[in-house]
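Peer 1: Could you have a look at this structure, given as structure tokens, before my questions?
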């Protein structure tokens, strides 16, 4: 598994970043103020189990989003075995796309499988399709649901979707629309990314994009925002970039870092995002700012504070289907306000049709501490279906050595499945594939007739052997053993046939010599039962030649008796059979 450092697992970007971003709930259908003509439905992610299990919900009206039992809170994904880390939805609510993980929450990263999944509804029919195994941030969907953008491998890819009006079946084409523009900084020591992408935004017309990147050395250490027109040309268009270095020391009055809670284009060439001040004790207020993308190649832009949105987060646009065609979107924003003594934060929702004007009315919300990523849509989103286009398996199970000394553990050089769906339609490339290490492991000591279940293999057990990654070790072996490994598949990958490997066990042979005048008695013990033990002498011109053969006891003892032995090199050899490999112990008389 030497390529473990380059093979990929899913980068779980764009998850909730602050406590304030989690304190969300649903707006009652009757609570919209005059600015918003029709209150939308909100979908959201709810997490539990120490922030591990992430489920997508959608509410048609009211209800407590923290209670899956609420009759109006509908789970769109299984409660276990599949997690939503980021998503986006079409304005009409018939399409949504998500960066997802399958497997048990809390498992090692290499034990799970990952995918970018698109779900679409046509009437009573719903379909789900994997469009890529990799997305390193939140995906972005166009308002009409026809296009999906995502960040992967320092590039931005686009999927142009086609939906069958009868069956809802999804097809389409993928292209790379940006390369060399939004590249993560690299670690000088190993070339690995030194930043992770915490946010992706695409303009409504699909021309411009922006990324937010945070240092892997620490979320509050350093971050930058970069925006530009999408391009794969060698000559890149003008861009806007600003870098922030966070600090909690008292040497300055403010120290701002960008947050992906709000990261959206307010129009086709204006980026809106949040900053928090690290010099302010939590809960830190949000400062809303905007940046106009430069039209010329000056690579400069002016950042403007948006006072009307100060203290807000989760700002999202919504195009009301009931409004006249071509009208501007309504904007929904959240903020947290202290209530009572001692102060308790209460989440409120505000609505405005003009980002330069603060919401006139704030609707108090039930405090849902385990929900985030609220997206307004005209109707509730469709539930996820069994996905099509699962990744084909490329399983590997190999031994570092087929011979293992008694009482030792066999080393599994590989015990993993590689999977890759090339969104551009190219051939499978094992060097670029993702890796899943969890598999069913069994052993047999009766020649493969009876199989005994062992603990599953796990990426947590991989380790460096010298400069080479190996997948882990099996149990201690006491005789020849068959091992069988099976990759069972996942919601995003096909299962693979079982692979069997055979380990031969070398018994440990100990030899003792008892002298009595000219006579020598050679005896000893082997860590095996019965079988033949041979005393051999080495001749320079003939090699090893047999002297005596004895049958070992049920406890592995052997004794060649008292006899005269010339001075020479000797060894005791235990013969291999169906239960054991050959054992040997050399000595000199």
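Read-outs throughout are calculated quantities, based only on the coordinates presented, and are distinct from any laboratory measurement. On a predicted model such as this, the values are computed, not experimentally measured, just so you know. Here Cβ is always computed from backbone atoms with ideal geometry, including for glycine, and neighbour counts include all displayed protein chains.
Peer 1: Could you list 84, 589 in order of exposure, starting from the residue whose Cβ has the fewest other Cβ atoms within 10 Å? Walk me through the intermediate numbers first.
Peer 2: Details: 84 26, 589 13.
Neighbour counts put them in this order, fewest first: 589, 84.
Peer 1: Where does each of 119, 248, 77, 270 land when they are ranked from fewest to most other beta-carbon atoms within 10 angstrom? Present the calculation step by step, with values, prior to reporting the outcome.
Peer 2: Details: 119 26, 248 10, 77 22, 270 18.
Final ranking by Cβ density, sparse to dense: 248, 270, 77, 119.
Peer 1: Please work out whether region 390-506 counts as rounded, prolate or oblate from its C-alpha gyration tensor, where a ≥ b ≥ c are the square roots of the eigenvalues and a/c under 1.5 means rounded, while otherwise a/b larger than b/c means prolate and anything else oblate?
Peer 2: Values: a/c = 2.61, a/b = 1.73, b/c = 1.51.
Because a/c hits 1.5 or more and a/b exceeds b/c, region 390-506 counts as prolate.
Peer 1: If I model a spin label as a point 7 Å beyond the Cα along the Cα-Cβ vector, how far apart are those points for residue 553 and residue 460 in nm?
Peer 2: 4.5
Peer 1: Where does each of 445, 303, 45 land when they are ranked from fewest to most other beta-carbon atoms within 10 angstrom?
Peer 2: On the way: 445 17, 303 14, 45 26.
If I rank by nearby Cβ atoms, fewest first, I get 303, 445, 45.
Peer 1: Separate question: So I have (1) 24.7, 83; (2) 27.7, 88; (3) 32.3, 115, and one of them is Rg and Dmax of the Cα atoms in Å calculated from this model. Which one is it?
Peer 2: Calculated Rg and Dmax of the Cα atoms in Å: the matching label is (3).
Peer 1: A further question follows. For region 139-176 and region 208-234, what is the separation of their C-alpha centers, rounded to whole Å?
Peer 2: Region 139-176 and region 208-234 have Cα centres separated by 22 Å.
Peer 1: Treat each spin label as a single point 7 Å out from the Cα along the C-beta direction, and report the residue 388 to residue 498 distance in nm.
Peer 2: Each label point lies 7 Å from its Cα, and together they span 3.3 nm.
Peer 1: Let me ask something else about it. How big is the shadow of the Cα convex hull of region 509-588, averaged over all directions, in nm²? Walk me through the intermediate numbers first.
Peer 2: Values: hull surface 20.3 nm².
That works out to 5.1 nm², a quarter of the Cα hull's surface.
Peer 1: Could you check the simple spin-label distance between residue 252 and residue 569, using points 7 Å along Cα→Cβ, in nm with one decimal?
Peer 2: 7.4
Peer 1: Taking R0 as 45 Å, what's the FRET efficiency between residue 143 and residue 453 from their Cβ-Cβ distance, rounded to 0.05? Could you put the intermediate results ahead of the total?
Peer 2: Working: r = 51 Å, r/R0 = 1.13.
Working from the Cβ atoms, E equals 0.35.
Peer 1: Which residues does the label zone of residue 327 cover in region 87-103, counting backbone N under 19 Å from a point 7 Å along Cα→Cβ?
Peer 2: 91-93
Peer 1: What's the extension gain from residue 514 to residue 233 if we count 0.36 nm per residue and subtract their Cα-Cα distance?
Peer 2: 92.7 nm
Peer 1: While we're on this one: How high is the relative contact order of region 187-340, in percent, with contacts defined as C-alpha pairs under 8 Å that are six or more residues apart? Show your work: numbers first, answer last.
Peer 2: On the way: 328 pairs, mean separation 23.6, N = 154.
That works out to 15 percent.
Peer 1: Would you mind calculating the relative contact order of the chain from Cα pairs under 8 angstrom and at least 6 residues apart, reporting the percent as a whole number?
Peer 2: Values: 1608 pairs, mean separation 78.6, N = 589.
Rounded, it is 13 percent for the chain.
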